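S.K.: Handing you a structure now.
Values quoted throughout were computed directly from the atomic coordinates according to the rules given, and no laboratory measurement underlies them. Owing to the predicted nature of the structure, the values given are computational and were not obtained by experimental measurement. As a convention, Cβ positions derive from the backbone with ideal geometry for all residues, glycine included, and neighbour counts pool all protein chains shown.
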Amino acid sequence: QVQLVESGGGLVQPGGSLRLSCVVSTSMFRFYDMGWYRQAPGKQRELVAQITSDGTTNYAESVKGRFTISRDNAKNTVYLQMNSLKPEDTAVYYCNRLGVPFGSWGQGTQVTVSS
């Protein structure tokens with residue numbers, strides 16, 4: 001069973017930056033399109049950034065120009081660089097495969113943007 005381990009979250013002031021990492025335990029990682037999702041309290045999980053197996057990226061309008069998704073296939077890792085953070089970015093962030101998610105989601109990593 002594929003495991004997803006997210007890390008890098010924390011408490012940051014508005015305007016600050018964080019870099020999230022997600023290690024995916026499968027040798028097939030390089031073939032998968034991956035995404036970063038977030039879920040704020042009382043809201044549905046939403047996709048905020050995606051990267052295909054060939055490196056094409058796409059972003060939700062709410063984060064475009066501020067977040068950057070990348071991947072390192074040698075490390076089975078997908079990253080999310082988050083700059084100019086806003087209070088509305090506060091959420092638990094998860095990674096998973098696009099299309100058909102892996103069966104078990106990771107524990108996520110909490111991002112809190114507050115002064």
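S.K.: Over the chain, what is the percentage of antiparallel beta bridges among all DSSP beta bridges, to the nearest 5?
M.R.: Values: 33 of 36 bridges.
Percent antiparallel among DSSP bridges in the chain is about 90.
S.K.: With springs only between Cα atoms under 10 Å, which of SER104, SER17, SER70 fluctuates most in a Gaussian network model of the chain?
M.R.: SER104
S.K.: Here's something else I'd like to know. Residue farthest toward the positive end of the dipole of the range 26-91, with Cβ of Lys/Arg at +1 and Asp/Glu at -1: which of ALA60, THR77, ALA91?
M.R.: Of the listed residues, the answer is ALA91.
S.K.: I would also like to ask the following. Dipole magnitude of the chain about its Cα centre, charges +1 at Lys/Arg Cβ and -1 at Asp/Glu Cβ only, in debye to the nearest 20? Each step should come with its number before you reach the end.
M.R.: Numbers: 11 positive and 8 negative charges, 13 e Å.
Charge dipole, the chain, about its Cα centre: 60 debye, nearest 20.
S.K.: In the calculated pair distance distribution of the chain, what percentage of Cα-Cα distances lie above 21 Å? Could you put the intermediate results ahead of the total?
M.R.: Values: 1923 of 6555 pairs.
So the portion of pairs separated by more than 21 Å is 29 percent.
S.K.: Could you derive backbone 3J(HN,Hα) for the range 27-37 from the dihedral phi with the Karplus parameters 6.51, -1.76 and 1.60 (θ = phi - 60°), listing whole Hz in sequence and x where the residue is Gly or Pro?
M.R.: 6, 8, 3, 5, 8, 9, 7, 10, x, 9, 10
S.K.: Between GLY10 and residues 5 or more places away or on another chain, which pairs have amide H atoms under 5 Å apart, with H built 1.01 Å from N, and which residues are they?
M.R.: VAL111, THR112
S.K.: Moving on to the next point. With viscosity set to 0.890 mPa s at 25 °C, what whole-number translational diffusion coefficient in µm²/s follows for the range 32-93 from Stokes-Einstein and a Kirkwood radius over Cα pairs? Walk me through the numbers on the way to the answer.
M.R.: Details: Rh = 12.2 Å.
Approximately 202 µm²/s, per Stokes-Einstein.
S.K.: List every residue whose amide H lies under 5 Å from the amide H of ALA49, counting only residues 5 or more places away in sequence or on a different chain, with H placed 1.01 Å from N in the peptide plane.
M.R.: TRP36, ALA60
S.K.: Pull up the cross-link candidates among the aspartates and glutamates for LYS43, meaning alpha carbon to alpha carbon under 15 Å and not fewer than 8 places away within one chain.
M.R.: GLU88, ASP89
S.K.: May I ask you to derive the FRET efficiency for LYS43 and ASP72 from their Cβ-Cβ distance with R0 = 41 Å, giving the value to the nearest 0.05?
M.R.: Details: r = 30 Å, r/R0 = 0.73.
Approximately 0.85, to the nearest 0.05.
S.K.: Using amide H atoms built in the peptide plane, which far-off residues or other-chain residues are under 5 Å from THR90 H to H?
M.R.: Excluding prolines and chain starts, which carry no amide H, the hits are VAL113.
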